[in-house]
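The values are calculated or read from the model by the stated rules, or taken from the named source; none is laboratory data. Only a predicted model underlies this, so the values are computations on that prediction, with no experimental measurement involved. Every residue, glycine among them, receives a Cβ derived from its backbone with ideal geometry; neighbour counts consider all protein chains shown.
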Ligand SMILES: Cc1cc2nc3c(=O)[nH]c(=O)nc-3n(C[C@H](O)[C@H](O)[C@H](O)COP(=O)(O)OP(=O)(O)OC[C@H]3O[C@@H](n4cnc5c(N)ncnc54)[C@H](O)[C@@H]3O)c2cc1C
């Protein structure tokens, strides 16, 4: 089958060792986590790293735990673990929804949360979900640790705030009582990347929208979010009409491109449709109706 | 909602091996489920080198320079072969299966993205692949011909300027049926108030068979004996051997083609690919075995595609629903080389069966083949030589007619299906349908589906939707197909002059165990089991006692191989007949054993028995031992029971089937969910019902893939947009409902065991059922046709009155 170019391989046992290996092997070395994005790129020779630094042995990064008013997801949490996580389902059903439609079981068994965010594929689902949740990521370098909001993490397609020689180690999501969330994706086939997807996180005060987060993927939304639609909803009524209007705003402000998944008008329509539907479902969940 | 599980269709293998026909587990699976199959890539020979092909990144360009010096200097590289090297051997071009030529390695121009330019032989596959990057090729771009509908426009660049005097991209015009009669019926229909003419443009897009195992070969030219052994992924080992002998001038007895376990073919492995030829030349040049296995993208981008038929169908019909005549024009995109694999006299394959299962007064079609800057092929993917396209067209047209007449599509079909008393039926395009009871088959399917209840549910849903409820659209789609398989009678059917007969040899060992050697080649169809069962049924043996050998030209009789659902119709017939020959020889031996005349014996329950005396009988095992013993044998036997047979089919066989598909369509997203699929097949006598059902399951999944997601489009620069499994989608279990199968059995009257072949039935019959269901769901939007693949985008766009053109990049 597809044949990659030559590369060296190192296995790290700790985060510090991984950082040291990256420093030693220089800018052409790359971290490998689940490998489900990196290996296909290597086989197609779109990536030709000189050295792979394997972080799969870093047990310290595989945690999902509640710490105070946030949930912390280690970078090495596998999609399958996130899908099965009762903590995620309880606090952020948007993540469970998203994981259900990310790739297939084989990919989900190995692919990681950190790898997904760092790959920063424009059609990546977790970025949209975490952006809707206003999560932050923790980035470690030899010099120390910094915390970056997910909505500032992406610099463009396949580019993030993680510099060479750094590791993403954790994703932190604030727990807010009384929120509801949901995620929907349209795909051509199970396991296909999204034609378009949307996620919504909503908190209500009676029938008023106190706050809302709307994530989008595969439609060219900067930072995977729809801020104009969020602004349009915030402080207003939580009604089907308002959700449909927010959907239209989101559709207007994203910039999808045409490809074999569909023409631009269709993708915009999907944004409108999916934003409306996820807002409806998130609201139902916030009200305990779903 | 998951599909309905019908317990009656769950056929499990019998606990005990049947003595002939019946469900039994596949003998070959013992090795497959243990990971002990042996595919070409599993073969490792001492001293073996590895090849890799350099391919063109552009669709159309003149080659101005190919500099291989840096690649040759790579320490692990043994040879770099270019078009120029091959031209020196007279092998730069090779003949195709359609009397055209195809470049092995490009010399003058590249004509499609992915075309072969050079071949590197190195110590390992990594070095071979690395060295490709060291070859420097200079291209002078030419405008590519991509849109088949513009290929004949004046001023279009000429793809095949290698052919002397050629000034356009026209390959052939072919027609079938009676134009005058057909036009007359159409003229009448146009003039009469109680009749009308219904027309639609229907595309069967380019798809790819995408077998899990890609194509490859290991060439081992022994410099001492001069014998070439070629391990290769081929559905037709004997035909390949003969072609290598003719094309390369190698003596045929010094060529052994071995086709070991094949990981799926679907027609993709019928032709000879440049990589095979390069591996042979590589072995000759280096004196060592050379392995070449293409990768997934190479397979999708450069090997035989399927379909790519742009069809215009017209039907003359009375307003009360009598189909009178069908007229079709096809524009066939054959890519850069006309390399379709089909019988010589059939440049459009068996498209002539486009009249389908209906009683028509007249029919006529014309097919125009054109060159474009795309990969070549055309006949592949379980299409029964273009019957897929024909069935899709007529079954789509019948639904368009039903739509335009406002008539129920089941009712319209019932009114027009051929009746049992019309068989053998000579179609308006000259095909002789052997047998069928179409109305019965359709009724079994409608009954199984609960058709009236489905229509009632649909009407209810439409009412609720109109009342403002959020409900999915529901669609019900039918198809009724007739196939013509088992090519074919040698007086009309040959491939490059080789008649389409197939052979079988049966050898019975002294203890009564047997070896059956067949000329066809399994790619997953279960030949090792089915063919053992055929012989066993004739000889009163257990199939477990018969070893089936295939896929090695030094071990098996000549024949044209497995494709077009021909194995059981042709080699299966040969197997039954060779077993009967053995039985007749056994009769003579038994007569000597029982000291009676052969005429006094009858074949009873698997034994030769003295007429009227069940005590005096002999089994085949007893007779086989006697045949090899010191028994004095009468005239007519020489001491063994072995026999051979070559079967020349008197006609094709005509399997048929009725399919019902139920879909739910989300009008907000265009997403299609297949709720149920009922498939009632009539493939005549079923030898191993479990294997037959497995074949149908696979074909139905294929059909779902083609209808909903598969398609290879090109952008106008000629970039192939289906070159990986991320872009070219194969259906998964999640898109497939729990199939609900049923059967009717109308034996073929001219086949020795009444079997008709089933390998491609479901691939042929299912796409129209799925598409008809989706279009039916979209009826509230006024949609009467949309082209495959019906992705969510295509469905939504059609519902908005802006159907997508699915052969080109979406812009
Ligand atoms: C068939 C298929 C279908 C898919 N479908 C979907 C889909 O529908 N939706 C979707 O969202 N995704 C999809 N994916 C992508 C999948 O989710 C990602 O491939 C995967 O989860 C990425 O994580 P990984 O651990 O495999 O990353 P890797 O492939 O190991 O790494 C990806 C990149 O991230 C870097 N990296 C990894 N971990 C870290 C870290 N901790 N710190 C810094 N850099 C790091 C690597 O160096 C590399 O550049 C699909 C993938 C496949 C193969």
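Would you confirm whether any residue within the stretch A:194-215 is within 14 Å of chain B (Cβ to nearest Cβ), under 27 Å from residue A:70 (Cα atoms), more than 16 Å from the ligand (Cβ to nearest atom) and touching a residue at least 12 places away in the same chain (Cβ under 8 Å)? Before the answer, list the steps.
First pass over the stretch A:194-215, keeping only residues within 14 Å of chain B (Cβ to nearest Cβ): A:194-198.
When the remaining residues are screened for being under 27 Å from residue A:70 (Cα atoms), the result is A:197-198.
Next, from what is left, pick out any that are more than 16 Å from the ligand (Cβ to nearest atom): none.
No, the stretch A:194-215 has no match at all.
Got a number for residues in the stretch B:361-387 being surrounded by fewer than 24 Cβ atoms within 10 Å (Cβ to Cβ) and in a loop (DSSP other than H, G, I, E, B)?
The total comes to 1.
Could you figure out which of (1) out of contact with any strand residue (DSSP E or B) (no Cβ under 7 Å at 6 or more places or on another chain); (2) part of a strand (DSSP E or B) isn't true of residue B:679?
(1)
Being more than 13 Å from chain A (Cβ to nearest Cβ) and under 26 Å from the mean Cα position of the chain (by Cα) narrows it down to one residue among B:783, B:758; which is it? Explain how you work it out, then say what you get.
Numbers: B:783 fails: under 26 Å from the mean Cα position of the chain (by Cα).
Only one candidate qualifies: B:758.
Return yes when residue A:165 is touching a helix residue (DSSP H, G or I) at 6+ places or on another chain (Cβ under 6 Å) and on the phi > 0 side of the Ramachandran plot and no when it is not.
Numbers: touching a helix residue (DSSP H, G or I) at 6+ places or on another chain (Cβ under 6 Å): yes; on the phi > 0 side of the Ramachandran plot: yes.
For residue A:165, the condition - touching a helix residue (DSSP H, G or I) at 6+ places or on another chain (Cβ under 6 Å) and on the phi > 0 side of the Ramachandran plot - is met.
Tell me, please, whether a residue that is without any contact (Cβ under 8 Å) to a residue 12 or more places away in the chain, more than 13 Å from the ligand (Cβ to nearest atom), not in a loop (DSSP other than H, G, I, E, B) and not assigned by TED's automatic domain parsing to the domain that holds residue A:196 can be found in the stretch A:125-135. I'd like the intermediate steps shown before the answer.
Applying the first criterion (without any contact (Cβ under 8 Å) to a residue 12 or more places away in the chain) to the stretch A:125-135 yields none.
Checked against the condition, which is being without any contact (Cβ under 8 Å) to a residue 12 or more places away in the chain, more than 13 Å from the ligand (Cβ to nearest atom), not in a loop (DSSP other than H, G, I, E, B) and not assigned by TED's automatic domain parsing to the domain that holds residue A:196, the stretch A:125-135 yields no hits at all.
Go through (1) within 27 Å of the chain's Cα centre (by Cα); (2) assigned to a loop (DSSP other than H, G, I, E, B); (3) more than 14 Å from chain A (Cβ to nearest Cβ) and name the single condition residue B:321 misses.
(1)
Would you tally the residues in the stretch B:464-493 being crowded, with 18+ Cβ neighbours inside 10 Å and within 34 Å of the chain's Cα centre (by Cα)? Walk me through how you get there before you give the answer.
Quick first cut of the stretch B:464-493, residues crowded, with 18+ Cβ neighbours inside 10 Å only: B:472-488, B:493.
Subset that is within 34 Å of the chain's Cα centre (by Cα): B:473-488, B:493.
Count: 17.
Looking at (1) free of Cβ contacts under 8 Å to residues at least 12 places away in the same chain; (2) within 12 Å of the ligand (Cβ to nearest atom); (3) more than 14 Å from every other protein chain (Cβ to nearest Cβ), which is the one condition that is false for residue A:183?
With (1) free of Cβ contacts under 8 Å to residues at least 12 places away in the same chain; (2) within 12 Å of the ligand (Cβ to nearest atom); (3) more than 14 Å from every other protein chain (Cβ to nearest Cβ) applied to residue A:183, the lone miss is (1).
The conditions are (1) part of a strand (DSSP E or B); (2) more than 10 Å from the ligand (Cβ to nearest atom); (3) surrounded by 16 or more Cβ atoms within 10 Å (Cβ to Cβ), and residue A:155 fails exactly one of them. Which is it?
Of the numbered conditions (1) part of a strand (DSSP E or B); (2) more than 10 Å from the ligand (Cβ to nearest atom); (3) surrounded by 16 or more Cβ atoms within 10 Å (Cβ to Cβ), the odd one out for residue A:155 is (3).
Taking the condition at pLDDT 95 or above, more than 14 Å from chain B (Cβ to nearest Cβ), more than 9 Å from the ligand (Cβ to nearest atom) and under 18 Å from residue A:169 (Cα atoms), does residue A:90 pass?
no
Restricting to the stretch A:42-56, what's the tally of residues that are surrounded by fewer than 17 Cβ atoms within 10 Å (Cβ to Cβ) and out of contact with any helix residue (DSSP H, G or I) (no Cβ under 9 Å at 6 or more places or on another chain)?
Matching residues across the stretch A:42-56 total 0.
Just checking, how many residues over the stretch B:107-132 are assigned to a loop (DSSP other than H, G, I, E, B), farther than 24 Å from residue B:218 by Cβ and either touching a strand residue (DSSP E or B) at 6+ places or on another chain (Cβ under 6 Å) or within 13 Å of chain A (Cβ to nearest Cβ) (or both)?
1
For residue A:250, indicate whether it is within 13 Å of another protein chain (Cβ to nearest Cβ), over 20 Å from residue B:797 (Cβ atoms), assigned to a helix (DSSP H, G or I) and in contact with a helix residue (DSSP H, G or I) (Cβ under 6 Å, 6 or more places away or on another chain).
On the way: within 13 Å of another protein chain (Cβ to nearest Cβ): no; over 20 Å from residue B:797 (Cβ atoms): yes; assigned to a helix (DSSP H, G or I): yes; in contact with a helix residue (DSSP H, G or I) (Cβ under 6 Å, 6 or more places away or on another chain): yes.
When the stated conditions are applied, residue A:250 does not pass them.
Just to be sure, is residue B:746 farther than 25 Å from residue B:309 by Cα, surrounded by fewer than 24 Cβ atoms within 10 Å (Cβ to Cβ) and out of contact with any strand residue (DSSP E or B) (no Cβ under 6 Å at 6 or more places or on another chain)?
It is false that residue B:746 is farther than 25 Å from residue B:309 by Cα, surrounded by fewer than 24 Cβ atoms within 10 Å (Cβ to Cβ) and out of contact with any strand residue (DSSP E or B) (no Cβ under 6 Å at 6 or more places or on another chain).
Would you be able to tell me the number of residues in the stretch B:180-214 that are surrounded by 15 or more Cβ atoms within 10 Å (Cβ to Cβ) and out of contact with any strand residue (DSSP E or B) (no Cβ under 8 Å at 6 or more places or on another chain)?
Looking only at that region, the number is 2.
Could you identify the single residue in A:219, A:249 that is at pLDDT 95 or above and closer than 23 Å to residue A:93 by Cβ?
Working: A:249 fails: closer than 23 Å to residue A:93 by Cβ.
That would be A:219, the only listed residue that is at pLDDT 95 or above and closer than 23 Å to residue A:93 by Cβ.
Please pick out the residue among B:532, B:537, B:573 that is surrounded by fewer than 24 Cβ atoms within 10 Å (Cβ to Cβ) and closer than 23 Å to residue B:748 by Cβ. Break it down stepwise before answering.
Numbers: B:532 fails: surrounded by fewer than 24 Cβ atoms within 10 Å (Cβ to Cβ); B:573 fails: surrounded by fewer than 24 Cβ atoms within 10 Å (Cβ to Cβ).
Exactly one residue qualifies, and that residue is B:537.
Do we find a residue being within 14 Å of chain B (Cβ to nearest Cβ) and either surrounded by fewer than 24 Cβ atoms within 10 Å (Cβ to Cβ) or more than 11 Å from the ligand (Cβ to nearest atom) (or both) anywhere in the stretch A:60-79? If you could, list the steps in order and put the result at the bottom.
Narrowing the stretch A:60-79 to residues within 14 Å of chain B (Cβ to nearest Cβ): none.
No, the stretch A:60-79 contains no residue that is within 14 Å of chain B (Cβ to nearest Cβ) and either surrounded by fewer than 24 Cβ atoms within 10 Å (Cβ to Cβ) or more than 11 Å from the ligand (Cβ to nearest atom) (or both).
Out of (1) away from chain B (no Cβ under 14 Å); (2) in contact with a strand residue (DSSP E or B) (Cβ under 9 Å, 6 or more places away or on another chain); (3) within 13 Å of the ligand (Cβ to nearest atom), the odd one out for residue A:36 is which?
(1)
So residue B:737 clears everything in (1) assigned to a loop (DSSP other than H, G, I, E, B); (2) touching a helix residue (DSSP H, G or I) at 6+ places or on another chain (Cβ under 8 Å) except one condition, right? Which one?
Evaluating residue B:737 over (1) assigned to a loop (DSSP other than H, G, I, E, B); (2) touching a helix residue (DSSP H, G or I) at 6+ places or on another chain (Cβ under 8 Å) leaves (2) as the failure.
For the stretch B:572-674, which strands (runs of 3 or more DSSP E) that fit wholly inside it have 3 or more residues that are within 30 Å of the chain's Cα centre (by Cα), in the same structural domain as residue B:692 (by TED's automatic domain parsing) and closer than 16 Å to residue B:514 by Cα?
Values: elements: B:601-604, B:607-610, B:613-619, B:643-647, B:656-665.
Of the strands (runs of 3 or more DSSP E) lying wholly inside the stretch B:572-674, none has at least 3 residues that are within 30 Å of the chain's Cα centre (by Cα), in the same structural domain as residue B:692 (by TED's automatic domain parsing) and closer than 16 Å to residue B:514 by Cα.
Looking at B:810, B:712, which one is buried (at least 19 other Cβ atoms within 10 Å of the Cβ), touching a strand residue (DSSP E or B) at 6+ places or on another chain (Cβ under 7 Å), within 12 Å of another protein chain (Cβ to nearest Cβ) and closer than 28 Å to residue B:356 by Cβ? Let's see the steps before the verdict.
On the way: B:810 fails: closer than 28 Å to residue B:356 by Cβ.
Just one listed residue meets the conditions, B:712.
Of the conditions (1) part of a helix (DSSP H, G or I); (2) out of contact with any strand residue (DSSP E or B) (no Cβ under 9 Å at 6 or more places or on another chain); (3) within 14 Å of another protein chain (Cβ to nearest Cβ); (4) surrounded by fewer than 20 Cβ atoms within 10 Å (Cβ to Cβ), residue A:284 satisfies every one except a single condition; which number is it?
Going through the list (1) part of a helix (DSSP H, G or I); (2) out of contact with any strand residue (DSSP E or B) (no Cβ under 9 Å at 6 or more places or on another chain); (3) within 14 Å of another protein chain (Cβ to nearest Cβ); (4) surrounded by fewer than 20 Cβ atoms within 10 Å (Cβ to Cβ), residue A:284 breaks only (2).
Tell me the residue from B:757, B:765 that is assigned by TED's automatic domain parsing to the domain that holds residue B:665, part of a helix (DSSP H, G or I) and within 28 Å of residue B:423 (Cβ to Cβ), please. Break it down into steps so the answer makes sense when it comes.
Values: B:757 fails: part of a helix (DSSP H, G or I).
Within the list B:757, B:765, the selection yields B:765.
Residues in the stretch B:757-787 that are out of contact with any strand residue (DSSP E or B) (no Cβ under 6 Å at 6 or more places or on another chain) and within 21 Å of residue B:199 (Cβ to Cβ): how many?
Going through the stretch B:757-787 one residue at a time, the tally reaches 10.
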